[in-house]
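What follows is a set of notes on a single structure, which appears directly below.
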Amino acid sequence: MLKIAHLYPELMNLYGDQGNLTVLKRRAAWYGEPLEIIPIGLGEEIPFSSLDMIFMGGGSDREQGLLTRDLLRHADQLLQAIERGLTFLGICGAYQLLGKEYITFEGKRYPGLNLFPFHTEGKPDRLIGNIVLECTLDGERQTVVGFENHGGRTWLDGADLLPWGNVRVGHGNNGEDGKEGFQYKN
């Protein structure tokens, strides 16, 4: 049985991120793999050693501020688990929190987990619409289609941090460099 921890589902579900988990569960079923989704809330421990994946969705600036302190206490264990091969899928605010910091468009600074060399700056206008990416997944070129809706502009600061995909249609990380997300290990 595959086990996915869903971090802070009560706070980080701004854009119906439960739908992402529904898709993962359906895909696992197609491959004959039962899937257990374990919700992890504020103050709870994360059972890193028994997980196959961690998922965390998007949230507003307020929600990100509420959970940052709690998530920071897991930062070292999270990085160790990722280094050992645990997959972390972070959408929107979850993605932003893995970096150095998130600066709101009003100038408020939220520390990130500082696990990876990138930062995010909020802007008052949003990047919204369909997105098409060209990616390399499992050594094969793939096209990924999705939808984006974000005010944050993420900048990959490290030369060794590879984007998850190149934007063919849409905005991507920041609307300027043609990159979307980042990939590290698996």
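The values are calculated or read from the model by the stated rules, or taken from the named source; none is laboratory data. Everything numeric here is computed off the predicted structure, so don't read it as measured data. No Cβ is skipped: glycine too gets one built from the backbone with ideal geometry, and neighbour counts run over all protein chains shown. Protein only, heavy atoms only, side chains kept; ligands, DNA and RNA dropped before computing areas. Shrake-Rupley method; radii C 1.70, N 1.55, O 1.52, S 1.80 Å.
Here residue 87 fits the description: polar (S, T, N, Q), touching a residue at least 12 places away in the same chain (Cβ under 8 Å) and either within 25 Å of residue 161 (Cα to Cα) or surrounded by fewer than 20 Cβ atoms within 10 Å (Cβ to Cβ) (or both).
For the stretch 49-68, a residue qualifies if it is in contact with a strand residue (DSSP E or B) (Cβ under 9 Å, 6 or more places away or on another chain) and assigned to a loop (DSSP other than H, G, I, E, B), and the qualifying residues are 51, 52, 57, 58.
When you look at residue 161, is it within 19 Å of residue 57 (Cβ to Cβ), among the hydrophobic types (A, V, I, L, M, F, W, C), open to solvent by less than 30 Å² (accessible area, probe 1.4 Å) and free of Cβ contacts under 8 Å to residues at least 60 places away in the same chain, yes or no?
Values: within 19 Å of residue 57 (Cβ to Cβ): no; among the hydrophobic types (A, V, I, L, M, F, W, C): yes; open to solvent by less than 30 Å² (accessible area, probe 1.4 Å): yes; free of Cβ contacts under 8 Å to residues at least 60 places away in the same chain: yes.
Against the criterion (within 19 Å of residue 57 (Cβ to Cβ), among the hydrophobic types (A, V, I, L, M, F, W, C), open to solvent by less than 30 Å² (accessible area, probe 1.4 Å) and free of Cβ contacts under 8 Å to residues at least 60 places away in the same chain), residue 161 does not qualify.
Residue count for the stretch 92-110, restricted to those that are assigned to a loop (DSSP other than H, G, I, E, B) and open to solvent by less than 50 Å² (accessible area, probe 1.4 Å): 5. Among the conditions (1) over 17 Å from residue 88 (Cβ atoms); (2) in a strand (DSSP E or B), residue 177 misses just one, which is (2). Checking the stretch 42-55 against the condition returns a match, with at least one residue being surrounded by 14 or more Cβ atoms within 10 Å (Cβ to Cβ), at pLDDT 90 or above, among the aliphatic types (A, V, I, L, M) and under 13 Å from residue 115 (Cβ atoms).
Criterion first (touching a Gly at 6+ places or on another chain (Cβ under 6 Å) and open to solvent by less than 80 Å² (accessible area, probe 1.4 Å)) does residue 127 satisfy it?
yes
As for the stretch 21-32, it holds at least one residue that is open to solvent by 80 Å² or more (accessible area, probe 1.4 Å), over 26 Å from residue 149 (Cα atoms) and part of a loop (DSSP other than H, G, I, E, B).
In the stretch 10-26, the residues that are within 21 Å of residue 43 (Cβ to Cβ) and modelled with pLDDT of 80 or more reach residues that are among the charged types (D, E, K, R) and open to solvent by less than 80 Å² (accessible area, probe 1.4 Å) with C-beta atoms within less than 7 angstrom, at least six apart or across chains, in these pairs: 11/63; 12/63. Scanning the stretch 117-126 turns up no residue that is part of a loop (DSSP other than H, G, I, E, B), within 17 Å of the chain's Cα centre (by Cα) and farther than 15 Å from residue 154 by Cβ.
Somewhere in the stretch 60-83, is a residue of a type in the set (Ser, Thr, Tyr) and open to solvent by 60 Å² or more (accessible area, probe 1.4 Å)? Checked against the condition, which is being of a type in the set (Ser, Thr, Tyr) and open to solvent by 60 Å² or more (accessible area, probe 1.4 Å), the stretch 60-83 yields no hits at all.
The residue list 133, 162, 97 contains one member that is at pLDDT below 95 and more than 27 Å from residue 70 (Cα to Cα), which is 162. Just one of the listed residues (78, 113, 89, 71) is in a loop (DSSP other than H, G, I, E, B) and closer than 27 Å to residue 36 by Cβ, namely 113.
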